[in-house]
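Undergrad: Encoded as structure tokens, here's the structure I'll be asking about.
The values are calculated or read from the model by the stated rules, or taken from the named source; none is laboratory data. Since the model is a prediction, treat every value here as computed from it, not as a measurement. Don't worry about glycine lacking a Cβ; one is built from the backbone with ideal geometry, like all the others, and counts go over all protein chains shown. Only protein heavy atoms, including side chains, enter the accessible area calculation; ligands, DNA and RNA are left aside. Shrake-Rupley method; radii C 1.70, N 1.55, O 1.52, S 1.80 Å.
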Amino acid sequence: MSADFPKKRVAIFGSTGSIGTQALDVIRSNKELFEVEILTAHTNDELLINQAIEFKPNAVVIVDEAKYEKVKAALSSTDIKVFAGELALEEVADFDTYDIMIAAIVGFAGLKPTLKAVEKGRIIALANKETLVVAGDIVMQKAIEHKSPIIPVDSEHSAIFQCLIGEARNPIERIILTASGGPFLGKKPNFLVNVKRDHALQHPNWSMGAKISIDSATLMNKGLEMIEAKWLFNLNCNQIEVVIHPQSIIHSMVQFEDGSIKAQMGLPDMKLPIQYALGFPQRIKNDFPRFSFKKYPSLNFEEPDYKTFRNLGLAIDALQSGGNKACILNAANEIAVWAFLKNRIGFLDITAVVEKTMDAIAFIQKPTLQEYFDTDGEARNFAASLINI
Ligand code: NAD
Ligand code: MG
């Protein structure tokens with residue numbers, strides 16, 4: 001990518017997380033292409049301050065209001081604007097001064113600011129898959145209305161997006177989402193029942209935030225990704241297949257109507273899809289390690305173990321039902337994962353909480369945005385009541 005283009009002004013929502021910090025690594029290596037306009041963090045004031053001093057954005061948001069004075073004082077000798085609180089996320093998302101939002105907040109909390117950026121017609125580099133899981137129909141509809149391009153950052157969806165370049169006239173027959181299988185591939189319920197937090201956080205191929213690491217261990221992550229793919233690529237449930245591929249070299253595949261399959265491959269490194277989304281439609285030269293077939297003489301594929309990893313089945317149920325089912329699934333999962341991370345419930349209880357919540361909360365076929373918010377709140381309360389929190 002040449003530096004002849006005007007610099008893209010980047011807003012990173014969730015800049016202190018795994019995706020956010022890797023996005024800043026990409027920007028640090030490509031200062032002639034990008035400048036940072038907005039940074040936001042939930043509670044990590046120290047890191048946000050350091051990032052602001054290094055990248056000199058126009059504005060930062062610290063959601064935790066108790067940290068506002070500290071951030072303000074630390075940046076007092078700069079002209080960086082400092083905001084605090086949840087509402088400030090939407091206020092800065094409404095700014096006219098950025099071109100691309102990296103949506104890297106984790107969970108439902110990412111939905112409102114991302115929607116605001118969509119309504120502004122910004123480019124969205126979407127890592128926050130929960131946004132589409134919760135309200136994919138509304139988000140995609142608004143993206144069309146406001147001409148807001150949504151470029152996936154999730155590695156599987158980035159792979160599919162890349163396979164689709166040049167194929168606008170060719171319908172997709174099916175997509176094949178690859179899954180590493182997570183740290184408990186091949187394990188059975190008698191093992192999983194005793195799994196502890198620290199073990200579940202150890203992913204074999206990727207280093208990620210806590211929530212998505214647990215989702216990867218339970219395979220809920222792949223279920224959320226099926227729903228994300230439905231909305232991004234306008235697919236029905238039968239067109240989305242999951243295959244376990246433990247090496248995470250093929251990031252996903254698309255099969256066309258002639259049976260031909262395209263795959264996107266590379267070493268597992270989130271910086272690549274982040275950089276692709278930031279640079280799109282240009283590819284940016286880098287010196288990341290290259291994949292070598294000689295070092296991987298075999299790539300393996302197998303069917304997921306649906307009986308053991310029941311979250312995948314629950315997500316397929318949500319995908320088939322439509323309406324607010326995926327919103328319920330997501331809310332219950334966020335509560336259950338949070339409780340597991342706090343050692344309040346066991347690993348297999350995560351699935352039980354999600355299943356019971358999906359059975360309990362009223363189904364709405366065509367929810368409004370407000371009904372999605374209400375569903376999220378109800379499902380969270382119900383899930384929390386199941387685990388006494
Ligand atoms: P993380 O936990 O490392 O970081 C989350 C970021 O969001 C932090 O900056 C945090 O300050 C902010 N945040 C958390 N709660 C918030 C709240 N209530 N309000 C506002 N900000 C809040 O998470 P991550 O691993 O970087 O994942 C971010 C998103 O990207 C998730 O949706 C995840 O599914 C998706 N994703 C991550 C990876 C990965 O490799 N980490 C890969 C694909 C997709
Ligand atoms: Mg992924």
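Undergrad: Among N236, C163, L132, whose Cα lies farthest out toward the positive end of the dipole of the chain, if unit charges sit on the beta carbon of Lys, Arg (+1) and Asp, Glu (-1)?
TA: After comparing all options, I get C163.
Undergrad: Ignoring ligands, DNA and RNA, what percent of the 1.4 Å accessible area of the range 18-119 is carbon and sulfur?
TA: Carbon and sulfur: 51 percent of the exposed surface of the range 18-119.
Undergrad: As an exercise, take the mean of 1/r over every pair of distinct alpha carbons in the range 243-313, invert it, and state the Kirkwood radius in angstroms.
TA: Roughly 14.8 Å, rounded to one decimal.
Undergrad: How many percent of the accessible area of the range 138-258 is carbon or sulfur, using a 1.4 Å probe?
TA: Percent of accessible area from carbon and sulfur atoms in the range 138-258: 50.
Undergrad: Okay, next question. With every protein chain kept in the model, how would you rank L272, L164 by accessible area, 1.4 Å probe, largest at the top?
TA: L272, L164
Undergrad: What is the distance in Å between the Cα centres of the range 17-46 and the range 62-132?
TA: 12 Å
Undergrad: Please report the antiparallel percentage of DSSP beta bridges with both residues in the chain, rounded to the nearest 5.
TA: Counting DSSP beta bridges with both partners in the chain, the antiparallel share is about 25 percent.
Undergrad: What is the packing order of peptides 274-280, 70-76, 49-55, taking the mean over residues of other C-beta atoms within 10 Å and listing the highest first?
TA: The packing order, highest mean first, is 274-280, 49-55, 70-76.
Undergrad: Here's another thing I want to ask about it. Any chance you could list the semi-axes, whole Å, largest first, of the equivalent ellipsoid that the Cα gyration tensor gives for the chain, using √(5λ)?
TA: Semi-axes (√(5λ), whole Å): 30, 26, 21.
Undergrad: If you place +1 on the Cβ of every Lys and Arg, -1 on the Cβ of every Asp and Glu, and leave all else neutral, what size is the dipole of the chain about its Cα centre, to the nearest 20 Debye?
TA: Roughly 780 debye, rounded to the nearest 20.
Undergrad: Per residue of the range 130-145, in order, report the coupling 6.51 cos²θ - 1.76 cosθ + 1.60 (Karplus, θ = phi - 60°) as ³J(HN,Hα) in whole Hz, putting x for Gly and Pro.
TA: Couplings: 4, 4, 7, 5, 6, 9, x, 5, 5, 4, 5, 4, 5, 5, 5, 4 Hz.
Undergrad: Using packing as a proxy for protection, rank 287-300, 358-371 so that the peptide with the highest average count of other Cβ atoms within 10 Å comes first.
TA: Highest mean packing first, the order is 358-371, 287-300.
Undergrad: If you take the charge dipole of the chain about its Cα centre, with +1 on Lys and Arg Cβ and -1 on Asp and Glu Cβ, which of V92, A179, L47 is farthest toward its positive end?
TA: Projecting each Cα onto the dipole axis, the largest value belongs to A179.
Undergrad: Ignoring everything except DSSP H segments at least 4 long, calculate the 222 nm mean residue ellipticity for the chain; use -39,500 (n - 2.57) per segment, divide by total residues, nearest 500.
TA: Taking each H run of at least 4 residues, the total per residue is -13000 deg cm²/dmol.
Undergrad: With each pseudo-label sitting 7 Å past Cα toward Cβ, what's the S321-T43 distance in nm, one decimal?
TA: So the label points at S321 and T43 sit 3.1 nm apart.
Undergrad: Please list, short to long, the whole-number percent of alpha-carbon pairs of the range 258-389 in consecutive 10 angstrom bins beginning at zero.
TA: Result, from short to long distances: 11, 27, 22, 26, 13, 1 percent.
Undergrad: Related question: For the range 106-234, what is the per residue volume of the convex hull drawn over the alpha-carbon atoms, in cubic angstrom?
TA: So the per-residue hull volume is 119 Å³.
Undergrad: Let me ask something else about it. Does the range 158-381 come out rounded, prolate or oblate, given a ≥ b ≥ c as the square roots of the eigenvalues of its C-alpha gyration tensor, rounded meaning a/c under 1.5 and, failing that, prolate meaning a/b above b/c?
TA: Here the range 158-381 falls in the oblate category.
Undergrad: Which distance in Å, rounded to a whole number, links the C-alpha centroids of the range 315-389 and the range 167-207?
TA: 20 Å
Undergrad: Give me the one-decimal nm value for the distance between modelled label points at T97 and E371, 7 Å along each residue's Cα-to-Cβ direction.
TA: Once both label points are built, they end up 4.0 nm from each other.
Undergrad: Dipole of the range 8-152, Cα-centred, from +1 at each Lys and Arg C-beta and -1 at each Asp and Glu C-beta, to the nearest 20 debye?
TA: Its charge dipole is roughly 260 debye.
Undergrad: State, to one decimal in nm, how far the label point of A66 lies from the label point of V193, with both points 7 Å from Cα in the Cβ direction.
TA: 3.9 nm
Undergrad: Can you work out D for the range 8-152 in µm² s⁻¹ from Stokes-Einstein, where Rh is the Kirkwood radius over C-alpha pairs, the temperature is 20 °C and the viscosity is 1.002 mPa s?
TA: In µm²/s, the coefficient is 144.
Undergrad: If you wrap a convex hull around the alpha carbons of the range 67-127, what volume per residue comes out, as a whole number of Å³?
TA: Looking at the range 67-127, the number lands at 92 Å³ per residue.
Undergrad: Follow-up. Which of the residue pairs K67/K129; K67/K356; K120/K271 have a Cα-Cα distance greater than 32 Å in the structure shown?
TA: K67/K356
Undergrad: OK, next. Accessible surface of V243 in the full protein assembly, 1.4 angstrom probe, to the nearest 10 Å²?
TA: 20 Å²
Undergrad: What do you reckon, how do I249, I105 stack up by accessible area (1.4 Å probe), largest on top?
TA: I105, I249
Undergrad: Continuing with the same structure: Once ligands and nucleic acids are excluded and a 1.4 Å probe is used, how much of E145 is accessible, expressed in Å² to the nearest 10?
TA: About 110 Å², rounded to the nearest 10.
Undergrad: Also, I was wondering about something else. With every protein chain kept in the model, how would you rank W206, W231, W338 by accessible area, 1.4 Å probe, largest at the top?
TA: Output order, biggest surface exposure first: W338, W231, W206.
Undergrad: Please name which of L369, F288, L24 has its Cα lying farthest along the dipole of the chain towards the positive end, using unit charges on Cβ (Lys, Arg +1; Asp, Glu -1) and the Cα centre as origin.
TA: Checked the options; the winner is F288.
Undergrad: So who's got an amide H within less than 5 Å of the one on E173, skipping anything under 5 residues away but keeping other chains? H placed 1.01 Å off N, in plane.
TA: For E173, the qualifying residues are Q255, F256, E257.
Undergrad: How many percent of the alpha carbon pairs in the range 34-96 exceed a separation of 13 Å?
TA: 54 percent
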